[in-house]
1. Label points 7 Å out from Cα along the Cβ direction at ASP208 and GLU124: separation in nm?
2. Please list the non-local residues whose amide H lies under 5 Å from the amide H of GLY72, H modeled 1.01 Å from N, same-chain partners needing a gap of 5 or more.
3. Using a 1.4 angstrom probe, figure out how much accessible area the stretch 94-177 has per residue, in square angstrom, rounded to the nearest whole.
4. Ignoring ligands, DNA and RNA, what percent of the accessible area of the stretch 1-129 is carbon or sulfur (1.4 Å)?
5. For the stretch 127-137, in order, what is each residue's ³J(HN,Hα) by Karplus, 6.51 cos²θ - 1.76 cosθ + 1.60 with θ = phi - 60°, in whole Hz (x at glycine and Pro)?
6. If each residue of separation counts as 0.36 nm, what is the full-extension length gain between LYS137 and GLU198 once their alpha-carbon separation is subtracted?
7. Helix 12-23 versus the longest principal axis of the chain: what angle, 0 to 90°, nearest 10, using Cα atoms?
8. Ordering MET1, MET96 by accessible area with a probe of 1.4 Å, largest first, what comes out?
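The values are calculated or read from the model by the stated rules, or taken from the named source; none is laboratory data. In this text, all values refer to a predicted model and were calculated from it rather than measured experimentally. No Cβ is skipped: glycine too gets one built from the backbone with ideal geometry, and neighbour counts run over all protein chains shown. All accessible areas refer to the heavy atoms of the entire protein, side chains included, with ligands and DNA or RNA removed. Shrake-Rupley method; radii C 1.70, N 1.55, O 1.52, S 1.80 Å.
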Amino acid sequence: MDNITIALPKGRMAEKSFELFTSCGLSQNLLNDISRKLVIYDMGSHLKFILVKPTDVPTYVEHGAADIGVCGKDVLLELNRDCYEVLDLKFGKCKMVVAGPKARKDNFLSNKRVATKFPAIAEEFYRKKGENVEIIKLNGSVELAPIVGLSEVIVDIVETGTTLRENGLTIYEEIFSSSARLIVNKASMKTKSDRVKEIIYILKNAVDN
Ligand code: PRP
């Protein structure tokens, strides 16, 4: 049996991924091993899980350090890495939105400043709209930007809406819906075809039912 390495995004999505892998019998219950470990082996099923930063999952998969990865559609669109997206895992659902202060929702602003962790997505969105904006790349706590005058709006992920609400911000426009996707290294799809396809098949059955 081929050994398969699976890159999982640390945090909530890793827990959901382990729940899925366990519930469909692909691995043992490894949830208790997540703590600070970066590599978790499931000897019985010849699976090795590596826990990486969510935005690094496509990099590990593209370079073949992992055969398979679990990654948000938002991250895939932002990074545009060279790997196969094979399955919507239907968890980690969220929306990519343009948001800003409630009070200024209806004010038209030209030459907006847009703070975001997703500069490529924001750039493409405004390019298609034909709007000239300044993109300001941040690495987190993006909701702060309009509050302190760093930007007029943000392009960011909304899951429950709590962060926006608690910071007096509201959604101006929705850009797309995102969820976790299964991605596969292009070479592994050929060299480990049987095992990779079996894993995709089992996961597909689990998410469809
Ligand atoms: C994400 C996102 C929002 C928040 C949305 O940030 O960028 O800030 O979650 O979730 P909510 O709608 O449920 O409130 P994350 O938690 O990844 O932290 P970060 O800002 O440090 O990147």
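1. Reported label-point gap for ASP208 and GLU124 is 2.8 nm.
2. The list, which skips near neighbours in sequence, is ARG181.
3. I get 56 Å² per residue for the stretch 94-177.
4. 48 percent
5. So the J values, rounded to whole Hz, are 5, 5, 6, x, 9, 8, 10, 9, 8, 10, 7.
6. Taking 0.36 nm per residue and subtracting the Cα distance, the gain is 18.0 nm.
7. 30 degrees
8. Final ranking, largest accessible area leading: MET1, MET96.
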